[in-house]
Amino acid sequence: MSEKGGKGLKSSLKSKDGGKDGNSAKSKKGRKIHFDQGTPEPNYKILNGSDQPFQSFAPKPAKGEKAPKSSKSSLHSFDLKDLPENAECMMDCEAFQILDGIKGHLVGLSEDPSIKIPVSYDRALAYVESCVHYSNPQSVRQVLEPLKTHGISDGEMCVIANASPETVDEVLAFIPSLKTKKDVISQPLEDALVELSKLKKSE
């Protein structure tokens, strides 16, 4: 233990260079700190009734600290009805088509100082590319669009396209809210899944 009062504090601040604390502090003051721009690997969760992957970038807690629980509970409380009125759901294959189209213009965009490509662009492109099941988004839309007449929403259509289920039961497992419409939508769903299987790109 150090001495009580000012002596203890003073002795603890002595440096190994014979007490040259001023120079040491000065050098530290001018030192630049660089933060790693990388982010932890995201944890993706698919929620019932939602086609949006949610990422949790919460840093790991330090020793002795407890991990926060608020982010987990907020994810489970999200629903498609919470989206803004003008928001549009998008299939993974549609997102890939847009992001991949931007890639061809990156050189020109980078020369424009008013445009800044976010660092998350490459990660987003890599993510949707790994999830894409179809190479022709327009054809997928044409197959799924008739399901709207049977009460299936645009967001639920996107879940079907993104999850790429093979049977009606799998669709109902991904979207439990459709179970109440099973008698009405079973046949249209089965027909749509057959057509989607023809559009599915080779793995």
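The values are calculated or read from the model by the stated rules, or taken from the named source; none is laboratory data. Not measured: the values here are computed from a predicted model. So basically every Cβ, Gly included, is an ideal-geometry build from the backbone, and we count neighbours across all protein chains shown.
Applying a threshold of 6 Å to beta carbon distances and a minimum spacing of six or more residues, or different chains, the list of pairs starting in the stretch 163-176 at a residue that is in contact (Cβ under 8 Å) with a residue 12 or more places away in the chain and over 12 Å from GLU190 (Cα atoms) and ending at one that is acidic (Asp, Glu) and buried (at least 17 other Cβ atoms within 10 Å of the Cβ) reads ILE175/GLU156. Within the stretch 124-156, being within 19 Å of the chain's Cα centre (by Cα) and surrounded by 13 or more Cβ atoms within 10 Å (Cβ to Cβ) holds for ALA124, LEU125, TYR127, VAL128, GLU129, CYS131, VAL132, HIS133, GLY155, GLU156. Might you let me know whether the stretch 134-147 holds any residue that is touching a Lys or Arg at 6+ places or on another chain (Cβ under 7 Å), closer than 15 Å to PRO188 by Cα and of a type in the set (A, V, I, L, M)? Among the residues of the stretch 134-147, not one is touching a Lys or Arg at 6+ places or on another chain (Cβ under 7 Å), closer than 15 Å to PRO188 by Cα and of a type in the set (A, V, I, L, M), which makes the answer no. Just one of the listed residues (SER135, SER120) is of a type in the set (S, T, N, Q) and in contact (Cβ under 8 Å) with a residue 60 or more places away in the chain, and it is SER135. Residues of the stretch 157-172 that are surrounded by 14 or more Cβ atoms within 10 Å (Cβ to Cβ) and farther than 21 Å from SER135 by Cβ: VAL168, GLU170, VAL171, LEU172.
Counting the residues of the stretch 71-103 that are modelled with pLDDT under 80 and either surrounded by 10 or more Cβ atoms within 10 Å (Cβ to Cβ) or over 27 Å from ILE175 (Cβ atoms) (or both) gives 10. Tallying residues that are in contact with a helix residue (DSSP H, G or I) (Cβ under 8 Å, 6 or more places away or on another chain) and among the basic types (Lys, Arg) within the stretch 96-136 yields 1.
Residues that are out of contact with any helix residue (DSSP H, G or I) (no Cβ under 6 Å at 6 or more places or on another chain) and either outside any helix (DSSP H, G or I) or of a type in the set (S, T, N, Q) (or both) within the stretch 137-149 comprise GLN138, GLN142, THR149, listed in sequence order.
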